[in-house]
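Q: Have a look at this one.
The values are calculated or read from the model by the stated rules, or taken from the named source; none is laboratory data. The model shown is predicted, which means the values in this text are computed figures rather than measured ones. Counting neighbours? That spans all protein chains shown, and the Cβs are built from the backbone with ideal geometry, glycine included.
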Amino acid sequence: MKHFYLCVDRISGSGVAIVEGSEPYELSFFFDDGEISSITCNCFCSYHCKHEFAMLLQLRETLRMIEELYDDEFEATNYFAAISKSALLTYATDRKEKGSIVLE
């Protein structure tokens, strides 16, 4: 999946992801103490789909990176959000509004 967005709020236990297949698909899930449950995807499948699997792989990779690089921040805020470079670039260049995007 070339574009993705992923966020987890450990306080509420909620997670949201957007993965791009033939079109963008939105997923939601619950995240509690490292366990994922109640995954839903807005695609047409009535069973676990490839978008859910892609989200799980990306979540695993993102959590590993956060643990290595941003563990203190994640512990302090109990929240993270991640977006792929390609999705951010597409969003930034497709915007019709004037202004700026600041990355820190």
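Q: Just to check your reading of the model, which residue among Leu57, Leu27 is surrounded by fewer than 16 Cβ atoms within 10 Å (Cβ to Cβ) and either aliphatic (A, V, I, L, M) or on the phi > 0 side of the Ramachandran plot (or both)?
A: Sole residue among the options that is surrounded by fewer than 16 Cβ atoms within 10 Å (Cβ to Cβ) and either aliphatic (A, V, I, L, M) or on the phi > 0 side of the Ramachandran plot (or both): Leu57.
Q: Hey, Phe29 hits all of (1) within 23 Å of Thr90 (Cα to Cα); (2) modelled with pLDDT of 90 or more; (3) within 11 Å of the chain's Cα centre (by Cα) but one; which does it fall short on?
A: Against the list (1) within 23 Å of Thr90 (Cα to Cα); (2) modelled with pLDDT of 90 or more; (3) within 11 Å of the chain's Cα centre (by Cα), Phe29 comes up short only on (1).
Q: Can you tell me which residues in the stretch 32-47 are touching a strand residue (DSSP E or B) at 6+ places or on another chain (Cβ under 8 Å) and either modelled with pLDDT under 90 or part of a strand (DSSP E or B) (or both)?
A: Hits for the stretch 32-47 are Ile36, Ser37, Ser38, Ile39, Thr40, Cys41.
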